[in-house]
1. Based on alpha-carbon centroids, what's the gap between the stretch 274-299 and the stretch 182-204 in Å, whole number please?
2. How far, in degrees from 0 to 90, does helix 2-14 lean away from the longest principal axis of the Cα atoms of the chain, to the nearest 10?
3. Is the shape of the stretch 382-423 best called rounded, prolate or oblate, per the rule: a/c under 1.5 gives rounded, else a/b larger than b/c gives prolate, else oblate, with a ≥ b ≥ c the square roots of the Cα gyration tensor eigenvalues?
4. Calculate, for residue 410 and residue 233, the FRET efficiency according to 1/(1 + (r/R0)^6) with r their C-beta to C-beta distance and R0 22 Å; round to the nearest 0.05.
5. Quick check on the stretch 187-283: of the DSSP beta bridges with both residues there, what percent are antiparallel, nearest 5%?
6. What nm value, rounded to one decimal, do you get for the distance between residue 226 and residue 172 when each label is placed 7 Å out toward the C-beta?
7. Neighbour counts of other C-beta atoms within 10 Å: give me 26, 191 arranged from fewest to most.
8. Antiparallel as a % of all DSSP beta bridges within the stretch 291-521, to the nearest 5?
């Protein structure tokens, strides 16, 4: 009996139906789970809030940094943006400089940058200028001494659950962006550098300025003037420009806002894909970091005065020597070197130039009925100055530390000379862009630059880091020193065919290039024109074929980190 009663009591205690203590563990477990879920929700709310604030701060930092970099690009191009409000190289913040463009764009994105308050929702916006950015090629110091910008946005964000853990009601969120000016190889447009001048690009006379090939932006006018482009009569025809040859853009920092449709002759023809882009960003001088050929100046000076043959460096070559094209008369031949008095041509003679660098202390004046041509060393036979066989990549560069180039009058009108095949103007011997309508053989003045790996120039003295191209791109044909404020002129009734870059930039932006498209012939230029100011005149055609290959180092704004 005792055994049975004991068994009965034990079972009663284990019976969950009749046990008053059953379910207590489940309640505790549910309570713990509820608290855990509440904690997780609190964490999730706080962390999600912090994440959203972090994203917003990053957007503000990106926008502010890009705005500052755009101002740095304008400063590098010679403009003085009134909205910048900061000085490259000097750190700052929006509490001290609230009018800076960096602060304006940060504020538009919700960050005033008034300063951090540890006990309240607040934010700061600060900037500095890193000396370098890993993996990024900085532009030359002559373009910008401080090309990189870092903007940091810091915000105190209100938290709730996290406050219960560490007693801090605000969590600091930091976002940073590094941007600035970078140097990249690209296909370059024609660039008019003057930053503020009215009419820095003027065309008149009713002629056509035809631009073919090249990048989508074919003409860049940096002037911020509302009348930067002045059309009296004529047309800028880019209908065959751009990568596809269906039309390219004219970009103007200032104005006019729309293409000058009231200009006699039409003003602008962009084809099907070309546009007139006002309010564009400026492009700094792409050759600002290219130094002069100083090693050539160190050579023995070659004498010469106006109106006389150049001593020691010229000879009367018989027809055919070094490619002399005159089959009835002789050619006067020049060798590269240092010409402190420049070179003067006259009469109806033909002047040929051996490949190399010509360091000029005076003008190259092609007047009268003279003709300027490239020499081809020892082809078909050698002259007294020639000692090697010419190559397709041979060419020359005229560097003017004083004086400039002027081709005028009837220069290049002697049609009795042996013509030059148009394929000689390219580095690989190919036919130039068909949109130029260039004939297969060329009369008149024909000069072309060296073929260089980076599209500048090379010499034995190592004045640049560039090297001989194989085949490369035609580099700088005419380089006028930045301290030399002279105005080059290509005008008259003769034919003119150049291949290479024409570079005229003085520190005060006063170099003005005048090109006259004669009524009877065309002017053909393969390459770039980089000048402070440009004036196109005449009723003929001026034809410019831009290089479609990324052969020039341009300075652009980039988001880096």
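Please treat every number below as a calculation from the coordinates, not as lab data. Given the structure is predicted, the values throughout are model-derived calculations rather than measurements. Every residue, glycine as well, gets a Cβ built from its backbone with ideal geometry; the counts of neighbours run over all protein chains shown.
1. Measuring centre to centre over Cα atoms gives 9 Å.
2. So the inclination is approximately 40 degrees.
3. Details: a/c = 1.88, a/b = 1.14, b/c = 1.65.
Oblate is the answer for the stretch 382-423, as a/c is 1.5 or above yet b/c matches or exceeds a/b.
4. Numbers: r = 25 Å, r/R0 = 1.12.
Once rounded, the FRET efficiency stands at 0.35.
5. Working: 0 of 22 bridges.
Of the beta bridges lying entirely in the stretch 187-283, close to 0 percent run antiparallel.
6. So the label points at residue 226 and residue 172 sit 4.9 nm apart.
7. Details: 26 9, 191 28.
In increasing order of surrounding Cβ atoms, one gets 26, 191.
8. On the way: 9 of 48 bridges.
So the antiparallel bridges in the stretch 291-521 amount to around 20 percent.
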